[in-house]
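To keep things clear, I will list the structure first and then write my remarks on it.
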Protein chains: 2
Amino acid sequence: MKSSTPPSSDNASHPSLSDSNAIIQALGSGKNKRVRKLLARMHPGKIAALLELLDTEQRLKLWQQTGPELEERTLHHLGPTLRAQLAGDSAEAMTPHDETDSAPSSQLEAVRQALAQGKLKRLGKVLHRMHPAKVAGLLEALPPVERHHAWSMVETERAGKVLTYLHDEIRTALARELDPEDLIAATAELELDDRVDLIQALPAELGNQLLHASSTAQRQQLESMLSYPEDSAGGLMNADPIQVRADVTASAVLRYLRLLERLPPQTDLLMVVDRKGHYQGALRLSELVTAELEQRVSELMHHDIAGILVTTSGNQVAQLFQDHDLLSAPVVDEHNRLLGRITVDDVIDLIREDSDRALMHMAGLNDEADIFAPVLVSSRRRAVWLGINLLTAFSAAWVIGLFQATLEQLVALAVLMPIVASMGGIAGSQTLTLVIRGLALGQVQKGNIRILLNRELGISILNGLLWSVVIALLSVWWFGNWGIGAVLGAAILLNLLCAALAGWAIPLILDRMGIDPALAGSVILTTVTDVVGFFAFLGLATVLLL
Amino acid sequence: MKSSTPPSSDNASHPSLSDSNAIIQALGSGKNKRVRKLLARMHPGKIAALLELLDTEQRLKLWQQTGPELEERTLHHLGPTLRAQLAGDSAEAMTPHDETDSAPSSQLEAVRQALAQGKLKRLGKVLHRMHPAKVAGLLEALPPVERHHAWSMVETERAGKVLTYLHDEIRTALARELDPEDLIAATAELELDDRVDLIQALPAELGNQLLHASSTAQRQQLESMLSYPEDSAGGLMNADPIQVRADVTASAVLRYLRLLERLPPQTDLLMVVDRKGHYQGALRLSELVTAELEQRVSELMHHDIAGILVTTSGNQVAQLFQDHDLLSAPVVDEHNRLLGRITVDDVIDLIREDSDRALMHMAGLNDEADIFAPVLVSSRRRAVWLGINLLTAFSAAWVIGLFQATLEQLVALAVLMPIVASMGGIAGSQTLTLVIRGLALGQVQKGNIRILLNRELGISILNGLLWSVVIALLSVWWFGNWGIGAVLGAAILLNLLCAALAGWAIPLILDRMGIDPALAGSVILTTVTDVVGFFAFLGLATVLLL
């Protein structure tokens, strides 16, 4: 049904060449946002002319980018065949997707199906109905090419909010896909702390553009917030606390709030400051509304809601929020001057990220990475981890290599030796995980680490005795050799003891060295349990059995 | 300095025998709370008589339990020697602990030092100054005997709050250490949701006692809350929402709130309900205070703050709070009647517990267990895990056993074979962790699992090629045998492919079977990578090299 008119000679009546070319170029590179922007400033007649000019595939792509009201007006300018065809396409997009023949079972599938069929209009509608957090989740669950297309269908005014819910790697990538002016527009309505996060995640140049697009007052605030580490009270805070004086009455505060018309999101506290901006205490909104109107702020405020020093680590902030069930908290500088406030939503993100990080680091993975990153990129990242672990594997092999003569004489040793290493590894990783988590939660401290060691050693002796006897008997039954059984049992007992010691000591040492125990702990532990396990088993066998 | 008077004959002037005996018995079993209760109803003169009656050790123990005002009055009744001695002891307890000779470097050490020296008065003061959450953290960091003593020094009125911050196992144990009447007194002031948690954690009998000690109205609420699973919206909710009607004005609502005098903690929303209790929407406190006084609730309320169905899973509740940055949310039944509200502090606990659980389950540990549980108890728990892993180890050994003849001829194979299994295990655990986390975060769904598999296979091919060549060359250099190198490389490539497939499939299958992939995933994966690794390496060697 190739009905596209060949380029005619009366080019003058056609859309300005530059616009058409720009649109065709943008269509080709999937920059749908730019296409929509260009279309918005064209006359419907010119759009119709352009539609007739394009081949079927490009025409449908362009049609997917015309909004509802533009669509209507453009249809009038089209020839009857094309009009019927495109109008039909639009009507189909209107039907809810669960009525189509192959109803997708989930939102993700619905989106992927719409993408596969090029039904970008329908996709745009689905995305429009979703909460920004859900859109972010969906984008993360899409492979890069589809993600790129879906992202291009997110309205600019919602794109900023979506960015704040994404993990670092994907956030940076998608922010860079936007034209700088769109990025600025998308982030104009964001809270300052979200904007700070974004600026920190972007390449310096783009981040600077964002910074300079802000109003002077905001830029100063942003710059001061950017001066604190991302993972500190300063990096977490927002510069929007409502401030009141201690000597005014509740009724005056209520009048002041009505003048403000709108409080910042998640406001549960008003901050009480003196004339010089020193933080004095906080007034709960829930107590302000129940107070007698003539009561003074000084009678109502809480002096025990302490200001968090701006340099406090994110970890400590999270602990404070959890311990005191805080919804928000004031942030102060070293002179107790109020700088801003931290809200619980950012703390929740921090907590989730922290625990996520431990889990991912245990497997040598980066928690902020895109799980659909290009295969080559992911391969390179994981190759490093495999390479590090190869050192472990080769040190184990080297130990075995020392006992080749023994193995030649008693091949049963080769059969049984993985059991020694495996039991040690499992037992050690239990101690390791316990200590890593205990350090994170504060259950393990200088004051009780020795008790913990004694317990872990006790447990490993009991379990070592139990399982070394069981395994020794099994191996005697298997190979009919009491000597092998005895050596095997002894090696397992020894290895479990070393595993407990190593699982206890490694995270403490790494922690003191400032290395994340979750990241490096298990590699080092496995090296220890492999080397000790093989050495003990083959060494004892060489001495006692040959 | 044994100056204790022997029991004299004028027993009549002594404290009633039953009280003294009860105190001596309570002292002996470390029930300090009971000691303090008994002391409180005795005359200071009788306390003095009892003090003189006891031997030095018991006397000091008893002295540690007399409160400041009782202390003063008891001193008057004592003989001069004893008075000087005990008064000196008290004065020492008053000095801040950082002035003593061996200043402890942390709170934990200070507490343990006080416990070791029997300075329970000082300990009581330290605990009194700490936030209940910190007390809970401290108790968790103490070994059981010291924990028991420290717990006995927590005031009854604070003990309830402390219990809510503890992990399940320790919470249950410490709640049972309290006398039932103390437990009831301690929990009387708790919010209902915290009381529900506690009742669920206690043995049925004790839980029932707690339930029946509540007022009738509270008991009905508690019973209805107890009827929902702990990990659901019903189990998380509190039955204390403030309810208002849609047709009243802001000023009427404010008047109503002032009548209430006090709002429940963490109130940021007022729930709008109709005459029959159907939930209609929510009014933000922060918008109520900025509204014009004559505006009606119907104009101010948000219809888009949806009620959470009471049967919603905890996981989904957490996701809702995170996605929408909620501080609290209404809970409704299937007829949309308002039942209660969930506050963000409970959601934070849920989030932390969830991530904690994944980390601990990966190592076969229970996240709610006491890390200072008796060695025998912990050993038994871990023994199960080691036993399960033994199956893995023996299946690997069994595979090697199939190739004993091969190993006898080429002992170099025994040296290199752990490398194959190790590389497979590492690569597989990366895929496994990625999928487990992806499932938890919703990044991995039915709609994209195949793409993920393709990526993981792609990564394993690239890394397999890279590392199999490296390892093959290293082994050729080591053993000077090209055949062994080739077989080793091929086996590693094969094992990495299987590892990716297994790491991808295992969590999906377990998830569908309703088994926590974090708990069982790594054992099954290791079995696969060990068996495949050894089989591929030794099998190829048997076919190609002999």
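A few notes on this one:
- The one condition from (1) within 30 Å of residue B:534 (Cα to Cα); (2) without any contact (Cβ under 8 Å) to a residue 60 or more places away in the chain that residue A:396 does not meet is (2).
- Residues of region B:104-143 satisfying the condition of being at the interface with another protein chain (Cβ under 9 Å from one of its Cβ atoms) and part of a loop (DSSP other than H, G, I, E, B): B:104, B:105, B:106, B:131, B:141, B:142, B:143
- In the set (1) within 38 Å of the chain's Cα centre (by Cα); (2) at pLDDT below 80; (3) open to solvent by 70 Å² or more (accessible area, probe 1.4 Å), the condition left unmet by residue B:76 is number (1).
For every residue, the table says whether it meets (1) within 14 Å of chain B (Cβ to nearest Cβ); (2) open to solvent by less than 30 Å² (accessible area, probe 1.4 Å); (3) within 19 Å of residue A:191 (Cα to Cα); (4) under 39 Å from the mean Cα position of the chain (by Cα).
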residue	(1), (2), (3), (4)
A:237	no, yes, yes, yes
A:240	yes, no, yes, yes
A:245	no, no, no, no
A:306	yes, no, no, yes
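- Within region B:273-295, no residue that is closer than 11 Å to residue A:285 by Cβ sits with its Cβ atom under 6 Å from a residue that is open to solvent by 10 Å² or more (accessible area, probe 1.4 Å) and part of a strand (DSSP E or B) at 6+ positions apart or across chains.
- Residue B:261 being in the same structural domain as residue B:161 (by TED's automatic domain parsing), open to solvent by 70 Å² or more (accessible area, probe 1.4 Å), farther than 22 Å from residue B:336 by Cβ and without any contact (Cβ under 8 Å) to a residue 12 or more places away in the chain: no
- Taken as a whole, the condition of being free of Cβ contacts under 8 Å to residues at least 40 places away in the same chain and open to solvent by 30 Å² or more (accessible area, probe 1.4 Å) applies to residue B:226.
- Selection status of residue B:247, modelled with pLDDT under 95, touching a helix residue (DSSP H, G or I) at 6+ places or on another chain (Cβ under 8 Å), of a type in the set (Asp, Glu) and under 30 Å from residue B:349 (Cβ atoms): no
- Checked against (1) more than 30 Å from residue A:114 (Cβ to Cβ); (2) open to solvent by 10 Å² or more (accessible area, probe 1.4 Å); (3) out of contact with any Leu (no Cβ under 7 Å at 6 or more places or on another chain), residue B:389 meets all criteria but (2).
- Applying the set (1) out of contact with any strand residue (DSSP E or B) (no Cβ under 8 Å at 6 or more places or on another chain); (2) under 26 Å from residue B:256 (Cα atoms) to residue A:316 leaves exactly one unmet item: (2).
- Remark: residue A:266 matches the filter, which requires a residue to be at positive phi and touching a residue at least 60 places away in the same chain (Cβ under 8 Å).
- Residue match in region B:335-343 (condition: within 14 Å of another protein chain (Cβ to nearest Cβ) and either without any contact (Cβ under 8 Å) to a residue 24 or more places away in the chain or open to solvent by 20 Å² or more (accessible area, probe 1.4 Å) (or both)): no
- Within region A:259-271, the set of residues being in a helix (DSSP H, G or I) and at the interface with chain B (Cβ under 7 Å from one of its Cβ atoms) comprises just one member, A:260.
- Test result for residue A:487, open to solvent by 20 Å² or more (accessible area, probe 1.4 Å) and of a type in the set (Val, Ile, Thr): no
- Filter result for the condition that a residue is buried (at least 22 other Cβ atoms within 10 Å of the Cβ) and within 11 Å of chain A (Cβ to nearest Cβ), over B:325, B:346: B:346
- Test result for residue A:377, among the aliphatic types (A, V, I, L, M) and either surrounded by fewer than 23 Cβ atoms within 10 Å (Cβ to Cβ) or more than 7 Å from chain B (Cβ to nearest Cβ) (or both): yes
- Within this structure, residue A:493 fails the test of being modelled with pLDDT of 95 or more and open to solvent by less than 10 Å² (accessible area, probe 1.4 Å).
- Residue in region A:510-522 that is buried (at least 24 other Cβ atoms within 10 Å of the Cβ), at pLDDT 95 or above and outside any loop (DSSP other than H, G, I, E, B) present: no
- In this entry, residue A:249 is excluded by the filter for residues that are β-branched (Val, Ile, Thr) and closer than 25 Å to residue A:186 by Cβ.
- The requirement of being farther than 30 Å from residue A:443 by Cβ, among the hydrophobic types (A, V, I, L, M, F, W, C), in contact with a Ser or Thr (Cβ under 8 Å, 6 or more places away or on another chain) and within 14 Å of chain B (Cβ to nearest Cβ) is satisfied by residue A:285.
- Residue ID - most open to solvent (accessible area, probe 1.4 Å), chosen from residues in region A:440-465 that are aliphatic (A, V, I, L, M) and touching a Ser or Thr at 6+ places or on another chain (Cβ under 8 Å): A:462
The values are calculated or read from the model by the stated rules, or taken from the named source; none is laboratory data. As the structure is a computational prediction, the values presented were derived from the model and not from experiment. Glycine gets a Cβ as well: all are built from the backbone with ideal geometry, and neighbour counts include every protein chain shown. Note: areas computed on protein heavy atoms with side chains; ligands, DNA, RNA excluded. Shrake-Rupley method; radii C 1.70, N 1.55, O 1.52, S 1.80 Å.
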